[in-house]
Amino acid sequence: MPVLRSIREDYKDSKPLKGVRISACLHVTTETANLVITLKELGAEIRLCASNPLSTQDDVASALVKFYGIEVFAVRGESYEEYYSDIERCLEFEPNITIDDGADLTVQAHKIGMAEKIWGGTEETTTGVVRFRKMEREGVLRYPIIAVNESYTKFLFDNRYGTGQSTVDGILRATNILLAGKTAVVAGFGWVGKGIAMRLRGMGCRVIITEIDPVRALEAYMEGYEVKTMMEAIKEADIVITATGEPDVVRLEHLEVAKDGVILANAGHFDVEINKKDLESITVERVEYRENLREYVLRDGRRIYLLADGRLVNLGAAEGHPAEVMDMSFANQVLAVLYIKENYKRLERKVYKLPDELDYEVARRKLISLGIEIDKPSQAQVVRGWGEGT
């Protein structure tokens, strides 16, 4: 992760985060480890908990505690009760800044009356940003949030290329199926859905898109994908992947007409997109064939396969995004934390985008790490205003 390393090298001596307490709720993976180690080397005190019970890599959590002295409250497969208990333990030392992936940490800080003391927070994913914008509209957001997910060097790369590759990786690890020739349905054509659809098509799938947004549906059509309703698409689907951030994308009415043998996987943050209660209600037998692959035998004899218990398939059944793409996302996180520390007194209780000059700084550092040199704007281009702040 050379971008993150370069930031660490630039700031480690000045320790700009000395004395700053940070609580982070993120997937406890090797990439996250590099982020929290960087924050500690910049002087911060950190507590870390998991943003998903199935994404924790226990060896990473152990190494952070043993070798770096970072307090980690996470274990793979923890219950919902343990999950929220760990979040509260991360909040016990009264953080100045929160780092979130899905908004659970920040929402809990609001529930237990700690939000007024917090300078600001960051949010890693689309789902969390949606929750925070709703809180802002309702007037209940109590501290500013930097929507890291809205940085160009995050969503254009992490959401698209990272999720596209790692979702396919999770499906293949869980099933070992051949993708070529399969009919795959991708629910949602945001940046995550675009990345998944692109990778599936590249591996020989016939790809159908389902959407509720007419602009995105039209975009998918213009990209050469078939666009259908879920009710029609699931009848011919070999694989259905949800990527919307919304609940009940696949529900009873769809399950009742699904093709025999269909594989269901979720790439959204929470396990609500595939309605598991509806699936259970029409099931007569469950078979655990292998880790992260469960067969549901329905009353009429059809079989439906659910991957990673409907949780994030790329983290539940694989290792998540490659480090090369998380390098940019987490570089944005560090710069967002530094920005909050320097500016929290003037920030309002709103959701902000990280300033573009910091976003471009991440891109510049990434290009340098790749050995790529680009043109500088000419004098005429500068006069026209291009290149200011970039």
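FYI, it's all coordinate maths here, none of it is from the lab. Predicted model, so just to flag it, every value in this text is computed and none were measured. Glycine gets a Cβ as well: all are built from the backbone with ideal geometry, and neighbour counts include every protein chain shown.
Brief remarks on what is shown
- Set of region 6-46 residues, backbone N closer than 18 Å to the point 7 Å along the Cα-Cβ line of ARG76: 26-34
- Residues whose placed amide H lies under 5 Å from that of GLU71, excluding near-sequence neighbours: ILE46, LEU48
- Taking label positions 7 Å along the Cα-Cβ direction at both LYS111 and LYS235, the computed distance is 4.2 nm, reported to one decimal.
- Put simply, the amide H of ALA187, placed in the peptide plane, has neighbours under 5 Å in THR210, ILE241, THR242, ALA243, leaving out anything fewer than 5 places away on its chain.
- Virtual spin-label span in nm between GLU348 and ASP375, 7 Å along Cα→Cβ: 4.0 nm
- Principal axis dimensions, largest first and in whole angstrom, of region 171-317 by Cα: 42, 29, 27
- Calculated log₁₀ intensity ratio I(q)/I(0) where the Debye formula runs over C-alpha points of region 1-76, q = 0.15, 0.16, 0.21 Å⁻¹: -0.47, -0.54, -0.88
- Across the chain, the longest piece that holds none of the GluC sites (Glu not before Pro) lying in DSSP loops with up to 16 other C-beta atoms within 10 Å covers 1-91.
- Selection from VAL65, ALA50, ALA220 lying farthest towards where the dipole of the chain points positive, charges on Cβ: ALA220
- Residue-span extension gain [VAL215 to LYS276] - 0.36 nm each, minus C-alpha spacing: 19.0 nm
- Annotation: extensible slack from GLU246 through SER6 equals 82.7 nm (criterion: 0.36 nm per residue apart, minus Cα-Cα distance).
- J(HN,Hα) series, region 335-349, from Karplus relation 6.51 cos²θ - 1.76 cosθ + 1.60, nearest Hz, glycine and proline x: 5, 5, 4, 4, 5, 4, 4, 7, 10, 4, 5, 9, 7, 8, 7
- Residues with amide H under 5 Å from that of ALA237, placed H, sequence gap 5 or more: LYS259
- Length available on full extension from ASP260 to GLU285: 0.36 nm per residue minus the Cα-Cα distance, which gives 7.5 nm.
- Signed unit charges on C-beta, dipole axis of the chain, positive-most listed residue LEU105, ILE146, LEU35: ILE146
- With 10 Å bins from 0: P(r) over region 281-328, alpha-carbon pairs, percent: 25, 37, 21, 11, 5
- Taking only the C-alpha atoms of region 242-390, the Rg (one decimal) and the largest Cα-Cα distance, Dmax (whole number), read 23.5, 72 Å.
- For region 1-65, trypsin sites (Lys or Arg not before Pro) are listed when DSSP marks them as loop and at most 10 other Cβ atoms sit within 10 Å of their Cβ; the list is LYS18.
- Greater than 32 Å apart at Cα, pairs in LYS228/LYS277; LYS111/LYS235; LYS228/LYS276; LYS18/LYS376; LYS182/LYS353: LYS111/LYS235; LYS18/LYS376; LYS182/LYS353
- Selected from PRO247, PRO95, PRO214 as most flexible by GNM, with the chain as the system and alpha-carbon contacts under 10 Å: PRO214
- Within the chain, longest stretch clear of exposed chymotrypsin sites (Phe, Trp or Tyr not before Pro) (DSSP loop, no more than 14 other Cβ within 10 Å): 94-385
- From phi via Karplus (6.51, -1.76, 1.60), per-residue ³J(HN,Hα) for region 45-61 in Hz, x at Gly/Pro: 9, 10, 10, 10, 10, 8, 9, 7, x, 9, 9, 5, 9, 4, 5, 5, 4
- In angstrom, the C-alpha Rg and Dmax of the chain are 21.6, 72.
- Computed from point charges on the beta carbon alone (+1 for Lys and Arg, -1 for Asp and Glu), the dipole magnitude for the chain about its Cα centre is near 540 Debye.
- Table column - 3J(HN,Hα) (Hz), region 258-274, Karplus curve with 6.51, -1.76, 1.60, x for Gly and Pro: 5, 5, 4, x, 5, 9, 10, 9, 10, 10, x, 5, 9, 8, 10, 6, 9
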